[in-house]
Amino acid sequence: MAVFNQVEFDNHEQVVFCADEASGLRAIIAVHSTKLGPAVGGCRLWDYAKDEDAVYDVLRLSKGMTYKNAVARLPFGGGKSVIIGDAKEIKSEALFRAFGKHLERLGGSYYSAEDVNITTGDVMMMHKETNYVLGLEGKSGNPSPFTALGTFLGIKAAYQHKHGHQDLAGVKVAVQGLGAVAYGLCKHLHEAGAQLFVTDINQASIDRVVSEFGATAVGIDEIYDLDVDVYAPCALGATLNDNTIPRLKATVIAGCANNQLAESRHGEILREKGVLYAPDYVINAGGIINVYYETKPEGYNKEQATKHVEGIYDTLTEIFARSESEQKSTHIIADELAQEIIAQGL
């Protein structure tokens with residue numbers, strides 16, 4: 001399995017493969033950059049089909065965290081971790097404590113937090129073996145509501161740029177994936193008067209959003225063909241690809257999923273189609289912003305965290321304006337902004 005010659009490797013500072021026979025732990029920790037500070041990024045538990053898929057995923061996510069933290073103006077570098085396995089079968093205190101021991105061995109170059117299929121309770125079990133975890137219960141806690149808020153404000157910023165107003169009443173939004181963040185996003189959208197069209201692999205999640213927010217449920221594949229104004233990818237990545245982009249009718253793409261573009265060229269294809277894309281690591285930075293305020297010497301302050309998250313609206317507005325004036329796709333502008341901040345410092 002090649003690593004160094006993968007495009008996604010992109011000069012990662014460290015990639016660590018972790019195992020613990022007793023608990024069944026198999027994990028990978030990727031540290032992309034510590035230039036702005038210790039690498040920070042959540043831990044994802046996923047049942048990857050093969051190890052190569054896990055390596056690909058963790059490398060992409062880790063680099064994304066470097067850029068996400070930079071554009072969010074946080075004194076963090078970028079890192080990410082994945083635990084391989086079925087969350088319904090392998091979760092145990094022993095597993096998370098074993099993972100915590102591996103975090104401890106890195107000596108603070110990487111701090112983990114919750115991500116897909118990892119709860120704050122799981123993070124607390126890691127915390128029994130290490131202090132190198134964030135998003136702790138009793139401190140900043142669950143970051144999902146802040147990611148949802150930032151994503152909602154990002155949709156408003158995108159709609160404002162594309163259509164000259166941010167009133168979402170009657171706006172049709174297709175939400176793909178209904179995890180904790182997407183549920184919060186749907187709540188915001190519903191309260192703003194948007195019409196919701198939703199899909200997920202979990203029927204219970206669909207039923208909840210249909211019941212509480214009057215959403216219309218659609219099939220997993222049907223979501224791409226809807227005549228809607230906004231497509232909000234909130235599941236796993238790479239849903240913007242050669243197969244799906246020609247089918248999309250939305251003029252705005254803005255959601256909380258990571259790595260939404262299957263390849264960089266797909267961002268340019270969207271721009272040529274006149275579709276405004278909100279770069280994923282910019283719009284979904286609310287959670288990591290909230291976690292940062294846990295590290296403040298004076299202690300966590302929810303009001304300060306919320307105000308910082310609200311700045312996502314302004315950051316996206318800047319990116320959209322630069323994209324238009326420089327005739328470059330928004331994800332390229334976001335990358336350039338991140339690179340400028342990393343080079344110059346905060």
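Points to keep in mind about this one:
- Residue within the stretch 55-71 that is at pLDDT below 95 and not in a helix (DSSP H, G or I) present: no
- When the stretch 74-101 is filtered for residues that are among the aromatic types (Phe, Trp, Tyr) and in a helix (DSSP H, G or I), the ones remaining, listed by number, are 96, 99.
- For beta carbons closer than 8 Å, sequence separation of 6+ or different chains, a first residue in the stretch 263-290 that is within 18 Å of residue 232 (Cβ to Cβ) and a second that is in a helix (DSSP H, G or I) and basic (Lys, Arg), the qualifying pairs are 276/162; 277/271; 281/68; 282/68; 284/68; 285/68.
- Where residue 135 falls short, out of the listed (1) free of Cβ contacts under 8 Å to residues at least 60 places away in the same chain; (2) buried (at least 20 other Cβ atoms within 10 Å of the Cβ); (3) not assigned by TED's automatic domain parsing to the domain that holds residue 324: (1)
- Hey, residue 315 part of a helix (DSSP H, G or I) and of a type outside the set (Lys, Arg) or not: yes
- Only a single criterion out of (1) modelled with pLDDT under 95; (2) in a strand (DSSP E or B) is not satisfied by residue 237, namely (2).
- Subset of the stretch 188-207 (residues that are in contact with a helix residue (DSSP H, G or I) (Cβ under 7 Å, 6 or more places away or on another chain) and part of a helix (DSSP H, G or I)): 188, 189, 190
- The stretch 93-119, subset modelled with pLDDT under 95 and touching a Gly at 6+ places or on another chain (Cβ under 6 Å), residue surrounded by the most Cβ atoms within 10 Å (Cβ to Cβ): 114
- Qualifying residue in the stretch 338-346 (condition: outside any helix (DSSP H, G or I) and surrounded by fewer than 19 Cβ atoms within 10 Å (Cβ to Cβ)): yes
- All positions within the stretch 102-123 that are in a helix (DSSP H, G or I) and either in contact (Cβ under 8 Å) with a residue 40 or more places away in the chain or in contact with a strand residue (DSSP E or B) (Cβ under 8 Å, 6 or more places away or on another chain) (or both): 102, 103, 120, 122, 123
- Test result for residue 48, in contact with an Asp or Glu (Cβ under 8 Å, 6 or more places away or on another chain), hydroxyl-bearing (Ser, Thr, Tyr) and in contact (Cβ under 8 Å) with a residue 60 or more places away in the chain: no
- Complete set of residues in the stretch 268-321 that are buried (at least 17 other Cβ atoms within 10 Å of the Cβ), of a type in the set (D, E, K, R) and either within 15 Å of residue 150 (Cα to Cα) or not assigned by TED's automatic domain parsing to the domain that holds residue 182 (or both): 280, 294
The values are calculated or read from the model by the stated rules, or taken from the named source; none is laboratory data. Note that the coordinates shown come from a computational prediction; the quantities given were computed from them, not determined experimentally. Heads up, the Cβs are rebuilt from the backbone with ideal geometry, glycines too, and the neighbour counts pull from every protein chain shown.
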